[in-house]
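Bear in mind that the values in this text are calculations on the coordinates, not laboratory data. Quick caveat, the model's predicted, so the values are computed rather than measured. We place every Cβ from the backbone using ideal geometry, glycine too, and count neighbours over all the protein chains shown.
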Amino acid sequence: MNVLLVAVALAFAWSIGAHYTGACMGMPHALGAIDARRALMVMAPLALLGAALASHGVERTVALRLTDRRLHVAAEVVVVAVAFALTSIYNRLRIPTSTIQILVFSLLGTALATGAGVRWARVGVLAILWAAAPLCAFLLGLALTRLIDRLIDRLGGRLRGGRGGALAQAGQLTVRPLRAGAQAVDRSRRGHVLEPLGGMLVLVGAVASFAMGGNDVANATGPLVGARVLSPLLAGTLGGIALAVGVLSYGRPLLTRVAFEIVQVDRAMATVAQGVQGAVVLAAVAFGLFTSMNQALVGAMAGAGLARGRRTVELSTLTSILRGWLLGPAAGIGMAFVIAHLAIAAGASLS
């Protein structure tokens, strides 16, 4: 059973690595700062480092702080298998969701079915964080985008030609895979002031990749720590390797989804959004908590978009992602509860 838990956990970590390529490196790739192959090559080792070095507090939260007592190894298999299955479905549908919320609610469903008990106060803290993180990211994205616009204007590379026709006059790029000449248009219309933001955008994407490792690997490896199969360090390191393999082997299909279809951005907006995402997630990880990479990014992008006008936000895509966030946790707790009960009825020992 221990071997099965390790195998399912590492498969889940692989899936998580693929799932978050768009959230970490989608915008640097979309805006021509880095090509897809190099984006994945930058992301993979940083995700591994984040998992190995920064995930231990979050792993302990998943392992020890959400239930009244440790789950049995077989029960942990149910938790990880359900979370893995649901995340794989979202990957297949190319819908960004929160693997963290799916994992936590899968854990709650299993704990309720096995009588392990739930520490609802701690779950409430996480719920408050999940609500506050995208709101904080939104406000920071709004404020910092306006600030960086003013700084660029003062340096002579005017990003907007006036309040009324700002986006049209600036030649705002809709964020799609850049074809030949697109980046040249971006340069000619914005001036050389924006050139350094290409390297800065890759840098904040790298920070987001490290943050993802520290924040999200515990979805897969926390149950390994909870079942006392592996130590936090070894679990984080093995999980980080699986994240990196997921990034490199199946990350390309999801690399562009978040950045390309939620909001129209330029390099200034993308740099702000990606930087805010990394800061918000790392702040949570520092306290042994975890929040959604996608929710933090979408909040920051929506704030950056509002700084340029509401028409920059693709509401239909945003609505589909919000629907995924609502259905994911509900599916997690329901599916885990049912499967755990079925396993008990079949004679399996989950407690």
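Given their separation in residues at 0.36 nm each and the Cα-Cα distance between them, Ala348 and Arg228 gain 41.2 nm when the chain is fully extended.
Going by C-beta contacts inside 10 Å, put Ile89, Ile128, Ile344 in order with the fewest on the left. Write down the numbers at each step before the final one.
Details: Ile89 13, Ile128 10, Ile344 17.
By the 10 Å Cβ count, ascending, the order reads Ile128, Ile89, Ile344.
Count Lys and Arg as plus one, Asp and Glu as minus one, and take only other residues whose Cβ is under 15 Å from that of Ala220; the net charge is then -2.
Between the range 1-58 and the range 326-351, the alpha-carbon centres lie 27 Å apart.
Within a 10 angstrom radius of the beta carbon, how do Tyr90, Tyr250 rank from fewest other beta carbons to most?
Tyr250, Tyr90
The gain in end-to-end length when the Arg150 to Met41 segment is fully stretched comes to 35.8 nm, 0.36 nm per residue minus the alpha carbon separation.
Distances between placed amide hydrogens fall under 5 Å for Val118 paired with Asp68, all partners being 5 or more residues away or on another chain. For the range 200-217, the Karplus equation 6.51 cos²θ - 1.76 cosθ + 1.60, evaluated at θ = phi - 60°, returns couplings of 5, 5, 5, 4, 5, x, 5, 4, 4, 5, 4, 4, 4, x, x, 7, 9, 5 Hz by residue, with Gly and Pro reported as x. By the count of other C-beta atoms within 10 Å, a proxy for reagent exposure, Ile339, Ile100 are ordered fewest to most as Ile339, Ile100. All other residues whose Cβ lies under 11 angstrom from that of Met269 are scored, Lys and Arg at +1 and Asp and Glu at -1, for a net of +1. When the square roots of the Cα gyration tensor eigenvalues are ordered a ≥ b ≥ c, the ratio a/c for the range 42-112 is 1.5 or more and a/b does not exceed b/c, which makes its shape oblate. The alpha carbons of the range 1-127 give a radius of gyration and a Dmax of 16.3, 52 Å, in that order.
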